[in-house]
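Peer 1: I'd like to ask you about the structure that follows.
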Amino acid sequence: MKTIIIAKAYTELKNAKLSKMEDADKFKVIEAMREMRPVSEKYEADEKETLEKLKDEKYDEMTKRAQKHNLAVDQKKTDGLMTPKEMDEAGAYFKEWEKQTSSFLNGIQEKEVKMKFNKLTKEAFSKLIDSNDMKLETIMLLDEVLM
């Protein structure tokens, strides 16, 4: 299973309620979370470190300029607005930064990790869904991980 899938599933399960599930199935979810936690925590730490290490001396300056510009736009003021040339420069800078970070993070996100926990039955998974108000995207993610 890909690291990014495990990290996302763990994040969703941390906030999930298990109230309508049978005790044995609740323990399966808890067991799965225990298995996923170190992978998720390592991913989050690696992601944070990657993003911090890839920031160069221009990053903070460009971020402040962009925030100042956005604030001026929101407040309908001209003071703080960037020129079209400055906006192009900032856009190109952030696009390149995003490209670099995506390249590094992709290697971390796509790493396959073996998970060894008991899967839920359809009935148990249905009770997990019934216990929570989840978006379809979350349901599909947890289906992939827990079933």
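Peer 1: Please enumerate the residues belonging to segment 100-128 that are within 17 Å of the chain's Cα centre (by Cα), within 17 Å of Ala9 (Cα to Cα) and of a type in the set (S, T, N, Q).
Peer 2: Correct list: Gln109 only.
Peer 1: Also, I was wondering about something else. Can you tell me which residues in segment 82-113 are β-branched (Val, Ile, Thr) and at pLDDT 95 or above?
Peer 2: Val113
Peer 1: Another question, then. Given the options Ala45, Ala9, Ala16, Ala66, name the one that is over 26 Å from Lys135 (Cβ atoms) and at pLDDT 95 or above.
Peer 2: Residue meeting the stated conditions: Ala45.
Peer 1: Any chance you could count how many residues in segment 16-29 are in contact (Cβ under 8 Å) with a residue 60 or more places away in the chain and over 13 Å from Phe117 (Cα atoms)? Full working, then the answer.
Peer 2: Initial filter on segment 16-29 (in contact (Cβ under 8 Å) with a residue 60 or more places away in the chain): 16-22, 25, 28-29.
Cutting the leftovers down to over 13 Å from Phe117 (Cα atoms) gives us 16-22.
Summing the residues that are in contact (Cβ under 8 Å) with a residue 60 or more places away in the chain and over 13 Å from Phe117 (Cα atoms) in segment 16-29 gives 7.
Peer 1: Scan segment 57-82 residue by residue and report those that are exposed (fewer than 12 other Cβ atoms within 10 Å of the Cβ) and outside any helix (DSSP H, G or I).
Peer 2: Of everything in segment 57-82, those that are exposed (fewer than 12 other Cβ atoms within 10 Å of the Cβ) and outside any helix (DSSP H, G or I) turn out to be Gln75, Lys76, Lys77, Thr78, Asp79.
Peer 1: In segment 90-106, which residues are among the hydroxyl-bearing types (Ser, Thr, Tyr) and surrounded by 13 or more Cβ atoms within 10 Å (Cβ to Cβ)?
Peer 2: Matches in segment 90-106: Tyr93, Thr101.
Peer 1: Shifting gears a bit: Would you please name the residue that is surrounded by the most Cβ atoms within 10 Å (Cβ to Cβ), looking only at residues in segment 1-28 that are out of contact with any Phe, Trp or Tyr (no Cβ under 6 Å at 6 or more places or on another chain) and among the polar types (S, T, N, Q)?
Peer 2: Here the answer is Thr11.
Peer 1: Right, here's the next one. Assess whether Asp88 counts as being without any contact (Cβ under 8 Å) to a residue 12 or more places away in the chain, within 30 Å of Val145 (Cβ to Cβ) and among the acidic types (Asp, Glu).
Peer 2: When the stated conditions are applied, Asp88 does not pass them.
Peer 1: Only residues that are closer than 15 Å to Lys17 by Cβ and in contact (Cβ under 8 Å) with a residue 24 or more places away in the chain: list them for segment 131-145, please.
Peer 2: Ser131, Asn132, Met134, Thr138, Leu142
Peer 1: Which residue is farthest from Leu146 (Cα to Cα), if the candidates are limited to segment 101-130 and must be among the basic types (Lys, Arg) and touching a residue at least 60 places away in the same chain (Cβ under 8 Å)?
Peer 2: Among residues in segment 101-130 that are among the basic types (Lys, Arg) and touching a residue at least 60 places away in the same chain (Cβ under 8 Å), the one farthest from Leu146 (Cα to Cα) is Lys111.
Peer 1: Look at Ala32 and say whether it is touching a residue at least 40 places away in the same chain (Cβ under 8 Å) and within 22 Å of the chain's Cα centre (by Cα).
Peer 2: Numbers: touching a residue at least 40 places away in the same chain (Cβ under 8 Å): yes; within 22 Å of the chain's Cα centre (by Cα): yes.
Yes, satisfied.
Peer 1: How many of the residues in segment 129-140 are in contact with a helix residue (DSSP H, G or I) (Cβ under 7 Å, 6 or more places away or on another chain) and closer than 12 Å to Leu13 by Cβ?
Peer 2: Counting residues in segment 129-140 that are in contact with a helix residue (DSSP H, G or I) (Cβ under 7 Å, 6 or more places away or on another chain) and closer than 12 Å to Leu13 by Cβ gives 1.
Peer 1: Right, another one. Whether any residue in segment 83-90 is over 29 Å from the mean Cα position of the chain (by Cα), of a type in the set (Asp, Glu) and part of a helix (DSSP H, G or I) is what I want to check. It would help to see each step written out before you state the result.
Peer 2: Our first condition is that a residue be over 29 Å from the mean Cα position of the chain (by Cα); within segment 83-90, this holds for 83-86.
Within this subset, residues satisfying the condition of being of a type in the set (Asp, Glu) are 86.
Now restrict to residues that are part of a helix (DSSP H, G or I): 86.
Yes, the conditions are met somewhere in segment 83-90.
The values are calculated or read from the model by the stated rules, or taken from the named source; none is laboratory data. Everything quoted here is computed from the prediction, not taken from an experiment. For neighbour counting, all protein chains shown are included, and Cβ atoms are generated from backbone atoms with ideal geometry for every residue, glycine included.
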